[in-house]
1. Which number in (1) farther than 23 Å from P126 by Cβ; (2) in a helix (DSSP H, G or I) marks the one condition that T62 misses?
2. Could you list all residues from region 22-41 that are open to solvent by less than 50 Å² (accessible area, probe 1.4 Å) and either closer than 16 Å to P85 by Cα or of a type in the set (S, T, Y) (or both)?
3. Can you name the number of the only condition in (1) part of a helix (DSSP H, G or I); (2) in contact (Cβ under 8 Å) with a residue 60 or more places away in the chain; (3) within 28 Å of T115 (Cβ to Cβ) that L67 fails?
4. For region 81-125, how many residues are open to solvent by 40 Å² or more (accessible area, probe 1.4 Å) and either part of a loop (DSSP other than H, G, I, E, B) or under 22 Å from E19 (Cβ atoms) (or both)?
5. Provide a single number: the residues in region 46-56 that are touching a Leu at 6+ places or on another chain (Cβ under 6 Å) and either surrounded by fewer than 20 Cβ atoms within 10 Å (Cβ to Cβ) or within 16 Å of Y35 (Cβ to Cβ) (or both).
6. Of all residues in region 22-51 being in a helix (DSSP H, G or I) and in contact (Cβ under 8 Å) with a residue 60 or more places away in the chain, which is nearest to M99 (Cα to Cα)?
7. Quick check on my filter: what residues within region 46-63 are among the aliphatic types (A, V, I, L, M) and either in contact with a strand residue (DSSP E or B) (Cβ under 8 Å, 6 or more places away or on another chain) or within 16 Å of H84 (Cα to Cα) (or both)?
8. Scan region 5-21 and tell me whether some residue there is open to solvent by 10 Å² or more (accessible area, probe 1.4 Å), more than 23 Å from G111 (Cβ to Cβ) and assigned to a loop (DSSP other than H, G, I, E, B).
Amino acid sequence: PSSRLLVYAGRLSSEKNVELLPRILQELAHGRRDYRLIIAGAGPLADTLADECSRRSPARTTFLSHLDRDALADVLANADAFIHPNPREPFGIAPLEAMASGLPLVAPNSGGVTTYASDDTAWLAPADAESSRMRRGTGIRRSSRRCASLPRAPPYWLGGRGSWPGGSAAGGWG
């Protein structure tokens, strides 16, 4: 079976709830699919997060540090879902831009992200790794009911992958 590529882009700090990412990946490892995670960002928890990902799900996470606009757009163009772990985010520009680029969003069902993401446009779930809704959301397909209403990105954003549009992500998310 092919792997599902999940992406988080943002600051690697405790207020972003990034500690949830390795736990989600560990829970997903018990399923039938192979999940991989790209973490694009920098911050005070970078080393701790890398250690925890390696311990919980060896060889399943790639850390890319801070990416410029074009590099991040390329990563998003080749991903299957954007993971936003922060239930207290005041607004969340990173998940909004991921959605605008056509990438399915898996996010907490609380916080500022709910001002633009709903059960009709994203996969919203409690912000915990054990949530079955959070795990199912990572397997989301573009054709699913929740993602069918997402706007399609213009063809020049596709980055070589016809079925998963990428986007114009702003560098320096976080």
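1. The number of the failed condition is (2).
2. Scanning region 22-41 gives P22, I24, L25, L28, Y35, L37, I38, I39, A40, G41.
3. So L67 meets the others, but not (1).
4. Summing the residues that are open to solvent by 40 Å² or more (accessible area, probe 1.4 Å) and either part of a loop (DSSP other than H, G, I, E, B) or under 22 Å from E19 (Cβ atoms) (or both) in region 81-125 gives 11.
5. Residues that pass the stated criteria total 1.
6. In this case the residue turns out to be I24.
7. Pass one, region 46-63, residues among the aliphatic types (A, V, I, L, M): 46, 49-50, 59.
Within region 46-63, A46, L49, A50 meet the criteria.
8. Checking region 5-21: not a single residue is open to solvent by 10 Å² or more (accessible area, probe 1.4 Å), more than 23 Å from G111 (Cβ to Cβ) and assigned to a loop (DSSP other than H, G, I, E, B).
The values are calculated or read from the model by the stated rules, or taken from the named source; none is laboratory data. These figures come from a predicted structure and were not determined experimentally. Glycine also receives a Cβ, built like all others from the backbone with ideal geometry; neighbour counts cover every protein chain displayed. Quick note on the areas: whole protein, heavy atoms, side chains included, nothing else; ligands and nucleic acids left out. Shrake-Rupley method; radii C 1.70, N 1.55, O 1.52, S 1.80 Å.
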